[in-house]
Each structure stands twice: as structure tokens, then as C-alpha cells.
Amino acid sequence: MPIFDTRVPAVLVRLDRNPFHHGTLGAARSLGRAGIPVHAVLESPTSPAARSRYVRSVHTRPAPASPTALPAALADLLLRLPAEHTTPALLVPLDDLGALALAEHRAELTDRYLLPDQSVEQLARVADKAALAETCRALRLPHPPSELPESADQAAAMARALGLPVVAKWSRPWLLPPGAGLRSTSIVRSPAEVRALYSRTPEAGSRLLLQRLLPPGSDLDWFVHGYADAAGRCATMAAGRKERAWPDGAGLTAVGRWTANPAIERMAGELLRALGYRGVFDLDFRLDRATGAYHLLDFNPRPGAQFRLFADAAGIDVVRAMHLDLTGRRIPAHSPSYGRRFVVENYATLSVLTSPRRRHGSEPGDAPRGRTETAWFAADDLAPGFAMAGAWLLHALCKGLMTLRRHFRSGRARKVATVSPPPMAPARTASARTTRR
């Protein structure tokens with residue numbers, strides 16, 4: 001294993017409210033096992049990731065009224081953290097909002113923290129879904145045909161032109177208000193659904209992007225993770241394939257496998273060079289069987305939740321590469337471990353229950369299946385797995401009770417409608433009263 005500068009701690013930053021973000025735990029374990037002190041800014045000190053033995057302290061994320069106020073609040077929080085070490089700490093953002101917030105305040109944080117050379121404009125060019133579509137057009141990179149409607153009627157017309165059903169994405173999902181019931185990405189199947197979704201644009205805080213739905217299927221969804229160092233080199237770049245996702249066919253990776261795919265890695269490398277990108281990245285692709293082209297679906301400027309899939313035999317992954325690079329150490333070349341798998345227990349269980357017979361073929365260059373790493377349960381760090389299981393069970397119970405409540409209410413409404421007396425017949429007028437002869 002490379003020699004890390006363990007005098008330099010790491011501060012994990014996640015601003016979203018998702019307690020089931022397994023990437024946070026992966027980062028804590030990866031750095032902590034290397035002897036690097038880890039601190040975290042999370043939604044709550046009771047988060048499952050906060051229970052990890054590798055997290056030394058937890059600081060509650062700032063909670064201003066608006067997501068647009070979070071960057072300044074986060075910068076203030078970071079500047080108020082106790083200076084426990086004599087060297088600057090590494091900042092590791094684990095969601096898009098965190099990455100943008102740190103880039104926005106990079107100048108005022110660099111005295112105490114280490115960050116990649118990134119600007120808000122560079123990150124917004126890829127994290128913003130509408131901007132990413134324009135970036136792909138400019139670089140002639142395959143990307144699903146997309147439209148940005150200016151009205152509800154135009155949205156319905158564009159959806160019909162793209163071919164229903166279509167994918168609807170909010171261009172800046174990190175601005176979505178919590179508890180509003182808006183999803184960052186959804187499938188809309190009718191003009192009425194498109195109009196209804198477009199009407200919520202002021203509430204969403206960003207533009208609605210409509211995108212042609214590439215046909216889903218087995219072995220079509222891929223992702224590329226890596227770290228571009230200060231010179232633009234990507235020593236840790238690797239490709240993986242989704243074996244299972246949740247929701248099935250369109251969601252996050254529930255089971256992934258490290259698989260050789262030189263074509264998709266070459267595409268990713270060309271994109272990063274064209275952008276002059278520095279730092280950790282997570283790219284999502286889908287193969288279009290009709291054309292044989294891999295279409296870029298998302299560019300996340302931070303570690304993907306399943307980044308631990310690509311930990312090689314020397315233990316190098318993207319967050320360790322980031323620590324090595326920003327502390328002036330050499331990143332060793334990645335040693336591929338094709339066939340290695342990563343399983344997210346809670347989401348994989350749901351995927352198996354909905355698609356128990358799903359099978360996946362092999363790809364050229366695949367080795368026999370290697371070691372499997374689980375997202376939550378680890379022999380040397382048991383508490384987060386049990387905390388996740390308890391929180392997940394409670395989450396499922398609450399959702400089940402809400403479903404039963406809705407079902408009960410709709411049943412009562414139907415019963416009331418059934419037993420209601422029929423409307424009285426209108427009184428017959430004198431002219432209608434005739435005598436049968």
C-alpha cells in the first residue's frame with residue numbers, strides 16, 4: 001500500500017438528507033483504514049455512516065431555509081471547525097451541491113483545506129443537466145436528444161416529438177425543495193403528465209429538461225469512475241456495468257461489476273481532456289443497441305456512491321487517489337481487478353424481489369468473478385450496517401403505513417359513494433302528467 005501522509009485529515013461533506021448514502025460510509029472506511037483521520041459533515045449525528053469506527057467526529061450540516069444559502073453556511077461551518085491538526089485537511093464532497101458549494105468558496109477555504117483546482121462554472125457545465133446536453137452537442141459526444149421547453153404546451157409538444165414516454169429531469173436537482181415530492185429524474189408517459197410537471201418549474205428552482213428515453217435492457221447501463229490529478233492524468237479510471245439497479249432499469253447501482261470496456265474509457269478520457277477537468281468524477285452511460293453508441297447520461301463531479309467497486313489490489317480508489325495527489329504523493333497505476341463486484345444490500349434486495357430471474361452476460365476481457373464488497377456490512381466495522389438495517393426497516397414500515405392509510409381512505413371514499421342515495425327524479429310537470437287511455 002502507498003505511504004499516505006496521515007498527518008492530513010479528511011473532512012467528508014454531504015449536504016443532502018439521504019441517510020442511506022453508502023458512498024459516505026465507503027469514503028470513511030477507505031480513508032480510515034489507511035490511517036487517515038476522518039471527520040464528517042452530515043445531516044445528523046445519528047446517520048448510519050456516523051456510526052462508523054473510522055469517523056472521529058460528526059458535524060451537523062447547515063440547514064438554511066434555501067439550498068442557495070447552503071454554500072455560504074457550509075463555508076462558515078468549515079471555518080469554525082476546531083483546528084486539530086497542523087496541516088490543511090482534505091475536503092471530500094459526496095454530493096453535487098457539496099461539490100459546487102466548496103468550489104464557490106474555494107478561495108477562502110484554501111488556507112485550511114485541500115481541494116482540486118475547480119470553479120463553479122466548470123462544475124455547473126457538467127452537473128447541470130441542461131448544460132451537460134449543450135456540452136455534449138458542442139463536443140459531438142453521443143447524448144440522448146433533449147429539449148428545454150418554455151411553456152407547458154411546448155413541453156407537451158416536445159414530448160410528443162421526442163416520443164412518449166420521455167425522461168424528465170430537473171436541470172439542477174440539488175435545488176429541489178425537500179418534502180415537495182419532486183424527483184430529480186422521472187419517466188412521463190402522457191402530455192398531461194408533462195404539463196403537470198412543467199407547472200412545478202417555479203417550485204423546482206431550475207429548468208425542466210425532456211430527453212428521449214433510450215430503451216433499457218440487460219447489460220446496457222455502464223459507469224466510469226476516476227480521479228484526474230493536477231496534470232490531468234487519470235491513473236485510477238475504470239469502467240463498470242450495472243448488474244442490478246433500483247428502481248429496476250433506471251435507478252442507482254444495486255449490484256455492479258468491474259468490467260473491461262476500452263471504448264467507454266476512451267470516450268471518458270477524451271471528454272475529460274476536452275473539459276480540462278480536475279478532481280473526482282462519476283459518469284453514467286447507456287448503450288443504444290440500435291446504433292451501438294454509448295450515450296452519456298450524467299456527469300457527477302464527485303465520488304459515485306459505488307466508487308469502492310474500483311478498489312484495486314493495492315487498495316487504491318478515487319478518494320485515496322485524491323488524498324495522495326493533493327498531499328504531493330504519487331498515485332500508482334491502477335491494477336484492474338475485472339470481475340470484482342459491489343453489492344448495496346438494501347437496494348439489491350429490492351431489485352431481486354422485483355426481478356428475480358435477471359441474468360447478465362459476459363464481456364470480452366472479463367475474468368472470473370472476483371471478490372465481492374458489500375456497501376454496508378463489514379467485519380471490521382459492524383455498527384453502520386446494523387444502524388442502516390434498523391433505519392431501513394423503520395423507513396419501510398412508515399411507507400407501508402402511509403400506503404395502507406391512503407388505501408383505507410380511498411376505500412372509505414368508494415364506500416360512501418356506493419351507499420349514497422341516488423339523486424331524486426325531477427318532478428313531472430303538468431304537461432308531462434298524462435292519463436293513459
### Query
Say we look at region 63-92 and pick out the residues that are at pLDDT 90 or above and either basic (Lys, Arg) or in contact with a Pro (Cβ under 8 Å, 6 or more places away or on another chain) (or both); which of these is farthest from ASP128 (Cα to Cα)?
ALA89
## Note on the structure
Checked region 14-23 for anything open to solvent by 10 Å² or more (accessible area, probe 1.4 Å) and either closer than 11 Å to ASP381 by Cα or among the hydrophobic types (A, V, I, L, M, F, W, C) (or both); matches are PHE20
## Note on the structure
Residues in region 158-175 that are touching a residue at least 40 places away in the same chain (Cβ under 8 Å), of a type in the set (A, V, I, L, M) and closer than 25 Å to ASP248 by Cβ total 5
### Task
Pairs only if they're at least six apart or on different chains, beta carbon under 6 angstrom, first in region 113-129 and surrounded by 17 or more Cβ atoms within 10 Å (Cβ to Cβ), second acidic (Asp, Glu) and not in a strand (DSSP E or B); list them, first residue then second.
VAL120/GLU104; ALA127/ASP96
### Query
What are the residues in region 52-79 that are outside any helix (DSSP H, G or I), among the small types (Gly, Ala, Ser) and open to solvent by 40 Å² or more (accessible area, probe 1.4 Å), if any?
ALA63, ALA65, SER66
### Those residues of region 158-183 which are out of contact with any strand residue (DSSP E or B) (no Cβ under 6 Å at 6 or more places or on another chain), over 16 Å from THR68 (Cβ atoms) and surrounded by 15 or more Cβ atoms within 10 Å (Cβ to Cβ), in sequence order
LEU164, LEU182
### Task
Of the conditions (1) open to solvent by less than 30 Å² (accessible area, probe 1.4 Å); (2) of a type outside the set (Lys, Arg); (3) within 19 Å of the chain's Cα centre (by Cα), VAL8 clears all except one; give me its number.
(3)
### Query
Which one of VAL58, VAL13, VAL8, VAL41 is of a type in the set (Val, Ile, Thr) and touching a Gly at 6+ places or on another chain (Cβ under 7 Å)?
VAL13
### Query
Looking at region 207-223, is at least one residue in contact (Cβ under 8 Å) with a residue 12 or more places away in the chain, buried (at least 16 other Cβ atoms within 10 Å of the Cβ), assigned to a loop (DSSP other than H, G, I, E, B) and among the small types (Gly, Ala, Ser)?
no
### Message
Name the single residue that is most open to solvent (accessible area, probe 1.4 Å) among those in region 24-51 being within 19 Å of ARG302 (Cβ to Cβ) and part of a loop (DSSP other than H, G, I, E, B).
### Response
GLU43
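The values are calculated or read from the model by the stated rules, or taken from the named source; none is laboratory data. Given the structure is predicted, the values throughout are model-derived calculations rather than measurements. FYI the Cβ positions are ideal-geometry reconstructions off the backbone, even for glycines, and counts take in every protein chain you see. Only protein heavy atoms, including side chains, enter the accessible area calculation; ligands, DNA and RNA are left aside. Shrake-Rupley method; radii C 1.70, N 1.55, O 1.52, S 1.80 Å.
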